[in-house]
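All remarks here apply to the structure that follows.
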Amino acid sequence: MGILTEEMRRVVDEQRLGFAATVCPDGTPNLSPKGTTAVWDDDHLIFADIRSPGTVENLRHNPAIEINVVDPILRKGYRFKGTATVLTEGPQFDAAVARYRQRGTRNPIRSVVLIKVERVLLLVSPACDLGLTEAEVRQRWRRHLDSLHAAGHSSPPAQRSARVT
Ligand SMILES: Cc1cc2nc3c(=O)[nH]c(=O)nc-3n(C[C@H](O)[C@H](O)[C@H](O)COP(=O)(O)O)c2cc1C
């Protein structure tokens, strides 16, 4: 059995959006969203480099990476820490690109970042410290998102259907 449990796989499969932190040459952090975050196998995550020049350049110098994936309704998620390999060709790269094509990603993919997950930490919102049940937390945030929609603060449908990742 690998490091990624069924529950972790479920959250990544459902959310797809991870925030990837890498280390810049001057030691400062670099954090950027990756909507192509996916489970590769029991020990690895991947994301597609569509336009992530900073992240990829950092990884070429220092392969250390952390990706956070959070369910914004349930306010729970995971911090995946590990070591990345940037794939630009070969059978693994081809297989990963094929998987993205199958799931509908049409953008050109420059490289695929393969992360060997070495440590996972659970993320739980402080809302849960208040004794709210999962159902109550879910209801609270669904209501909040619904009110944003109703107020017209979220993307119009045309933009949403054209989303990239
Ligand atoms: C919601 C969202 C999802 C994104 N997903 C990806 C992605 O999967 N792959 C990618 O290369 N860029 C993605 N981007 C764009 C990059 O995050 C963006 O170009 C960023 O500036 C890259 O910074 P970096 O080079 O430091 O990684 C996404 C942006 C947003 C807002």
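Every read-out reported here was derived from the displayed coordinates using simple, explicitly stated rules and does not represent laboratory data. Only a predicted model underlies this, so the values are computations on that prediction, with no experimental measurement involved. FYI the Cβ positions are ideal-geometry reconstructions off the backbone, even for glycines, and counts take in every protein chain you see.
Per-residue ellipticity at 222 nm for the chain, helices alone: DSSP H runs ≥ 4 residues times -39500 (n - 2.57), over residue total, nearest 500 deg cm²/dmol? Kindly include the intermediate steps, with their values, before the conclusion.
On the way: 5 runs with 53 residues, N = 165.
For the chain, the value works out to -9500 deg cm²/dmol.
Backbone phi angles across segment 28-35, fed through the Karplus curve with coefficients 6.51, -1.76 and 1.60 (θ = phi - 60°), yield HN-Hα couplings of 7, x, 10, 10, 8, x, 10, x Hz in residue order; Gly and Pro are listed as x.
So if we plug the beta-carbon distance of residue 110 and residue 142 into 1/(1 + (r/R0)^6) with R0 = 30 Å, what FRET efficiency do we get, rounded to 0.05? Working from the Cβ atoms, E equals 0.25. Estimated from the Cβ-Cβ distance and a Förster radius of 22 angstrom, the FRET efficiency linking residue 5 and residue 101 is about 0.20.
For a paramagnetic label modelled at 7 Å from the Cα of residue 26 toward its Cβ, which residues of segment 47-78 fall within the zone defined by backbone nitrogen distances under 16 Å? Counting backbone N atoms under 16 Å from the label point, the list is 54-55, 58. Projected over every direction and averaged, the convex hull enclosing the alpha-carbon atoms of segment 6-161 yields 10.8 nm². Centre-to-centre, using Cα atoms only, segment 1-77 and segment 86-102 are separated by 17 Å.
Mind ranking 73-79, 84-90, 52-58, 126-132 by how tightly packed they are, going by the mean number of other C-beta atoms within 10 angstrom, highest first?
Peptide ranking by packing, descending: 73-79, 52-58, 84-90, 126-132.
Across the options 33, 152, 117, the greatest Cα extent toward the positive end of the charge dipole of segment 10-165 (unit charges at beta carbon of Lys, Arg, Asp, Glu) belongs to 152.
Rounded to whole numbers, the Karplus 3J(HN,Hα) couplings from phi for segment 94-111 are 4, 5, 5, 4, 4, 5, 5, 4, 4, 8, x, 6, 9, 5, x, 10, 6, 7 Hz, using 6.51 cos²θ - 1.76 cosθ + 1.60 with θ = phi - 60°, and x at Gly and Pro. When the alpha-carbon atoms of segment 1-58 are used, the pair Rg, Dmax equals 12.7, 38 angstrom.
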